[in-house]
Every structure is written in C-alpha cells, then in structure tokens.
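Here is the structure we will look at.
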Amino acid sequence: MKTGTIKFFNSTKGFGFVVEDNSTQEIFIHISGLIDQVKDNDRVSFDTIDGKKGLNAINVKLV
C-alpha cells in the first residue's frame with residue numbers, strides 16, 4: 001500500500017485528490033474508493049488502479 005495526504009476532497013461531489021508521499025503526483029479519488037471518510041490534509045494509505053484518465057486511488061483509509 002502507498003501512503004499520502006489528502007490534498008482536496010469534496011464529499012458533496014464525491015471526489016478529490018491525494019498526493020503520494022515522496023512525490024508531487026496527484027492521484028484521483030472517487031468516493032467509491034473510500035474505506036474511511038476523509039477530509040483535506042488527512043493522512044491515508046491506498047492502492048492504485050489505472051482509470052480512464054490516469055491513476056485512481058482505491059481502498060483509501062486513514063492511517
């Protein structure tokens with residue numbers, strides 16, 4: 001599993017982005033990929049899969 005910090009998450013719209021540790025890459029998160037509810041600046045662990053427009057974070061949970 002990878003770790004990172006939630007840069008932005010809009011629970012109303014159901015999506016956001018996580019920045020992986022030791023990287024500046026922003027990875028898309030859809031609400032369906034969450035295990036725990038998250039908010040901006042939360043520390044999380046996650047897996048990634050290839051999505052239509054790049055990497056998507058899945059199995060996102062608080063650490």
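Read the figures in this text as sums done on the coordinates, not as results from a lab. Since the model is a prediction, treat every value here as computed from it, not as a measurement. Virtual Cβ from ideal backbone geometry, glycine too; neighbours counted across all protein chains shown.
Some values worked out for this structure:
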{"quantity": "Search result, residues across the stretch 14-53 that are of a type in the set (Lys, Arg) and within 13 Å of Thr3 (Cα to Cα)", "calculated": "Arg43"}
{"quantity": "Matching residues, the stretch 1-16, being under 14 Å from Ile58 (Cβ atoms) and surrounded by 14 or more Cβ atoms within 10 Å (Cβ to Cβ)", "calculated": "Lys2, Gly4, Phe15, Gly16"}
{"quantity": "Tabulated pairs, the stretch 46-63, first farther than 10 Å from Ile29 by Cβ, second assigned to a strand (DSSP E or B) and acidic (Asp, Glu), C-beta under 6 angstrom, 6+ apart or interchain", "calculated": "Asn59/Asp47"}
